[in-house]
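Contents: one structure, followed by commentary.
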Amino acid sequence: RFHAVMFQINDDETYVVPPETQKGRMAVATARQMCREERFQNWMLEKGGIYRREGMDFEAMTANLLREYLNIESRSELSEDPDARDVFRNLIVEYRHETKDG
């Protein structure tokens, strides 16, 4: 048995990353970064009807709310799921509009 795989290679011998793959990677990185930001945490927690209390893991709770909102099991699924990326993109627009953040 054989399995052959071909990749496009740039002149500098690096692999060409397809645009759809780049979008997916960017969405995953953005989701992880946003879940670390206190302002986004506050917004998501409030959106989920949860208010900050001492001893809470705000990043983990925000990530849970985000996964629930996007209907995914892991933020890494954003790399493969264009529908979840669209919902995430709309959520970012809503967040920025409501917080005037950007």
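The values are calculated or read from the model by the stated rules, or taken from the named source; none is laboratory data. Just so it is clear, the model here is predicted, and its values are computed rather than measured. Positions of Cβ are generated from backbone atoms using ideal geometry, with glycine treated the same way; all protein chains shown enter the neighbour counts. We work out accessible area using only protein heavy atoms, side chains counted, and drop any ligands, DNA or RNA first. Shrake-Rupley method; radii C 1.70, N 1.55, O 1.52, S 1.80 Å.
Tabulated results
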| item | result |
| --- | --- |
| ³J(HN,Hα) computed for each position of the stretch 85-92 - Karplus, 6.51 cos²θ - 1.76 cosθ + 1.60, integer Hz, glycine/proline x | 4, 5, 5, 4, 4, 5, 5, 4 |
| Listed candidates [x] 14.0; [y] 15.4; [z] 13.6 - label of the one calculated as Kirkwood radius over Cα pairs in Å | [y] |
| Approximate spin-label separation residue 47-residue 32, in nm, with each point projected 7 Å along Cα-to-Cβ | 2.0 |
| Shape category assigned to the stretch 49-102 from the gyration tensor of Cα positions, a/c cut at 1.5 | oblate |
| Residue-normalised accessible area of the chain, given per residue in Å² at a 1.4 Å probe | 75 |
| Table column - 3J(HN,Hα) (Hz), the stretch 65-80, Karplus curve with 6.51, -1.76, 1.60, x for Gly and Pro | 4, 5, 4, 5, 4, 7, 6, 10, 8, 8, 4, 5, 5, 4, 5, 10 |
| With every protein chain in place, the chain: carbon and sulfur % of accessible area (1.4 Å) | 48 |
